[in-house]
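The values are calculated or read from the model by the stated rules, or taken from the named source; none is laboratory data. Here the structure is a predicted model, which means the values were calculated and not measured. No Cβ is skipped: glycine too gets one built from the backbone with ideal geometry, and neighbour counts run over all protein chains shown.
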Amino acid sequence: MPQSGVTTNLLPPVEISLSQPPIPGDADNADCGIGLRHVEHPLVVYIDRPDATPPGTFFQLFWGSLTQPAAFNFLGEGDAGLTRIPFTVTQDRIQEFWADPVFARVIRDGGNLSETLPLRVRVNLQRPGGRDPDDKVPGHQGLVFELPPDVLLDGIDETRATQGVIATFRYWENMAAYDRITLAWGSQIITRWVQPDEVGNDIRIIVDPTTIALAGNSDVLPVAFQVMGPTGNYPDEWARWSAAQWVDVHADSDRLDPPWVKFPVTEREIDLEQLGGRDVIISTHVGRANASAYSVLTLIWAGTDRDGVSVPHTPSITIVAGSNRTYDFDIPHALVAAIAQGTVVVHYLLQGAGVPDKRSDNLHLEVKGESVKWPAPTIDEAIDEQLDPYLAEATVRFPFQESWPDEALLEVVFLAGGPDGTIEHRLGRQVNDIPPTGDGDMLFTVYTAELRRFDGYLTQVYYVLTRPNELPQESLRLEVQVAGTELVIEQTQMHLNGFSLKVPDWPKTGEDSINNTRTRTASGGVPPYQYSSSDTFIASVDSVTGKVTGNRNGSVIVTVSDSNAAELTYSVEVSNVWRLNINETLMTAPESIEWMESIGGTSIYDAIFYTVGYDVGRVYQPLPFREHFYWLCSIGWLPEHFAFLHRGQFYFGMARDQYLPAWCLTPL
C-alpha cells in the first residue's frame, strides 16, 4: 500500500499500455505483466482523470518505489478536454523481475492528495527458448517435443484415436513459471500454463479423442507448439514455432475430401517470394448428388499470423444445380501476406435450405516469408519531417489492410514528451465507419487545437488496430518535429529615399510618394504578426500589413513579432523628405531669396521643380485653388521667376517688380 497516508477512497489503478493480463491461479499475485514489446518504445501508463482536477493539478507516477516518482504530468490550460492523464516510463526504469508497487498520485492545489490502487507488475524480458540455435532448418530447434513412436509410424486410426495422444515437451531455455504452451494439433489449439514446480522439467499434454475428431482426417496433419512467456514474450522473432511433425490421421469420418491449392502448386507451404504478389487459388469439387442437395459453397480460410491473431476469409459461391464441377476461390494476396510465418487451415461447407451443413476435411498450410509490420503513417502537410502546429488541420494517411475486420477499432495516436510530462492524442473509429480512398488509404484529420499541444516536441505518430477480445496491434512509427517554422523577415536596411513633400493640411489622393513607402512582410513563426516602429515621427508602419512610410529624415527600428512572442527587427533609413514653407507676406523677388536663406531653405525652381510638381500632382491633386502667384525664391535664367497654382495645375512663370508671397523647401 502506498505510504502517503492515503489509505481510503483509493482511485482505480493505473492502466499500463499493452500489458499482459493477469494469469489465472498466479501464486505470485501479479496484476499484469511487462515484456519485451513494452521496451521497444517508452512505455505509456494512464490514469483516468479524477474529479476535481482543474488546470494546475499535478500528477506523479511511482514505479517500483514508494518515495521516488518515475514520471510526472501537469494539467495546463489547454488540457481541459483530457479524460486520461498519460505518463512515460523510460526503458531504463523497466528492470526484472518486479515493479511493485505501481501507482499514481494526484496533487491538487492546496495539497489535497489522492492515490490509485497499487499494482504488482511482473517484469520478464527473456525469450522462451532463446535464439534459434539453427536457423538453416525450419522451426525453432530449441523447442523440442515428442509424439509416441506408434503415432509417427502408423498414424491414427479410429481405435488409436480413442486412446488420445501424449505429447512430451522438453524443457527449454529461459523456462519460467507461467510460460504458456500452445499446441496446434491441426486446426485445434490446446493451451497449458507451466506451473512454478514444473520449471526445469519436461511437460506433458494429452490430446484427447474429441480434439482429434475435431481436427479431422489428414494424410499430413501438422503438429507443432509455441511457448509464450508470462509477460507476452515469444521465442526467436524469426522462429516463433517449433519444427512441425506430420501425422497421418485416418479415423472414421463422414467428412468430404479437403480442398486443394490450385495456385501455387503446393501441398504444405505457400512461399510469399515465389507467389510474387499474386493471389492464391483454392479449389474444391462438388459432385452431382451434392450439387442437387445444396445451393451454396462456402470456403473457410482460417488464417493465423505468427502472433496467433486470426485473419479469416469466408467467400461463398452459388452451386450450379445438378452439376459435377470444380469451383475456384481467389484468396487476395494481402490476406496471405498478413499471415507470413503463420498457418492457415482451410475447409469448405455445403449449405442448403432445410438441410444441415456438410463439412470437408481440412487442408493445412504454412505461409513462408518475411513478416512485415504495417508501415508508418504519413502526414500530408509535414515537410521534411516537420509539422506546423498552427495549420488549420493535418491529414494522417496510411494504407488500408485487407486483413482488418470491419468491427475492429482503428486509432491514430500522437505521442510526445517523457518522464517530466507526456502528451497524447488519440482519435479512433471502427474500420468500416469511413471507407478507404480510391487509392486504398485510410485518412484521419487532426485539428489545430490538438496539434498545438505538441508544439516544440518530437512526436511519434502511429496507428493501432484492436480486434474484439484481442490485444492491440501497432504500426511502425513516424517521427515528426511539431514546430512552426522560424519567424522570418528580410533584415537588411530599408532605404526610403524617394522625394516626398509633406503638407499635412492638403487633401490627398491616397497615392504615396514614389520610394517613400515600402512593404516588408514576415513569414513562418505563428501568425498573425504585429509590426511596430521605434519612432513613428520618422517612419510609421502599419501594424497589420507591415507597410512602412517615411515621415521625416532619420533612422528607426521596425520590430515584427508573431503570436508566440518571437521577434525580429530591421532598420529603416529615411531621406529626401521635405517640408513646404509658405510665406504669405508680399515681397519682392530678392526679398524672397533672403527669406529662403534665413530659414535654410531650398528653391523649388532649381533642379527639383519637376520632381516637386510630379509629387504634388500624385499625392495632393486636386490642389486647393489659390488666387496668388508665389515666388520660387530663385533668379534662374531670367531676373525673377514665380510659380502659381491655378485650377489644380502646377505652373511656373516669369515676372518682374512684383510683390508676391513665396514658397521654398526645407528638409524635414
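Total residues in segment 360-376 satisfying the condition of being in a loop (DSSP other than H, G, I, E, B) and surrounded by 19 or more Cβ atoms within 10 Å (Cβ to Cβ): the figure is 3.
Yes/no matrix, rows are residues, columns are (1) assigned to a strand (DSSP E or B); (2) more than 49 Å from the chain's Cα centre (by Cα); (3) surrounded by fewer than 16 Cβ atoms within 10 Å (Cβ to Cβ):
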{"position": "556", "(1), (2), (3)": "yes, no, no"}
{"position": "560", "(1), (2), (3)": "yes, no, no"}
{"position": "565", "(1), (2), (3)": "no, no, yes"}
{"position": "568", "(1), (2), (3)": "yes, no, no"}
{"position": "573", "(1), (2), (3)": "yes, no, no"}
{"position": "578", "(1), (2), (3)": "yes, yes, no"}
{"position": "583", "(1), (2), (3)": "yes, yes, no"}
{"position": "586", "(1), (2), (3)": "yes, yes, yes"}
{"position": "590", "(1), (2), (3)": "no, yes, yes"}
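Does segment 449-472 hold any residues that are in a strand (DSSP E or B) and more than 15 Å from residue 399 (Cα to Cα), and which are they? 457, 458, 459, 460, 466 - these are the residues of segment 449-472 that are in a strand (DSSP E or B) and more than 15 Å from residue 399 (Cα to Cα).
Taking residues in segment 298-325 that are at negative phi, and partners anywhere that are basic (Lys, Arg) and surrounded by 14 or more Cβ atoms within 10 Å (Cβ to Cβ), the pairs with Cβ atoms closer than 6 Å and at least 6 places apart or on different chains are 306/240.
In segment 226-238, the residues that are farther than 14 Å from residue 177 by Cβ and free of Cβ contacts under 8 Å to residues at least 60 places away in the same chain form no Cβ pair under 7 Å with any partner that is in a loop (DSSP other than H, G, I, E, B) and of a type in the set (Asp, Glu), whether six or more places apart or across chains. Looking only at residues in segment 89-116 that are small (Gly, Ala, Ser) and in a strand (DSSP E or B), which one is farthest from residue 56 (Cα to Cα)? The selected residue is 99. Residue 311 meets the stated requirement of being at pLDDT below 90, in the same structural domain as residue 362 (by the TED database) and of a type in the set (A, V, I, L, M).
Checked against the criterion of being surrounded by 15 or more Cβ atoms within 10 Å (Cβ to Cβ), on the phi < 0 side of the Ramachandran plot and over 14 Å from the mean Cα position of the chain (by Cα), segment 381-396 contains one or more residues that satisfy it. Kindly indicate whether residue 181 is part of a strand (DSSP E or B), of a type in the set (Val, Ile, Thr) and buried (at least 21 other Cβ atoms within 10 Å of the Cβ). Yes, satisfied. All of 13, 86 fail the test of being surrounded by fewer than 22 Cβ atoms within 10 Å (Cβ to Cβ) and either part of a loop (DSSP other than H, G, I, E, B) or touching a residue at least 60 places away in the same chain (Cβ under 8 Å) (or both), apart from 13. For the subset of segment 132-147 comprising residues that are touching a Phe, Trp or Tyr at 6+ places or on another chain (Cβ under 9 Å) and at pLDDT 90 or above, which member is farthest from residue 9 (Cα to Cα)? Top of the filtered list is 146. Any residue at all in segment 426-448 that is without any contact (Cβ under 8 Å) to a residue 12 or more places away in the chain, hydrophobic (A, V, I, L, M, F, W, C), in a loop (DSSP other than H, G, I, E, B) and not assigned by the TED database to the domain that holds residue 224? The answer is yes, given that some residue of segment 426-448 is without any contact (Cβ under 8 Å) to a residue 12 or more places away in the chain, hydrophobic (A, V, I, L, M, F, W, C), in a loop (DSSP other than H, G, I, E, B) and not assigned by the TED database to the domain that holds residue 224. Among the residues of segment 204-219, are any assigned by the TED database to the domain that holds residue 161, exposed (fewer than 15 other Cβ atoms within 10 Å of the Cβ), under 45 Å from the mean Cα position of the chain (by Cα) and modelled with pLDDT of 90 or more? No, the conditions are met nowhere in segment 204-219. Test residue 381 against the criterion of being without any contact (Cβ under 8 Å) to a residue 24 or more places away in the chain, in a loop (DSSP other than H, G, I, E, B) and more than 30 Å from residue 213 (Cβ to Cβ), and give yes or no. The answer is yes for residue 381.
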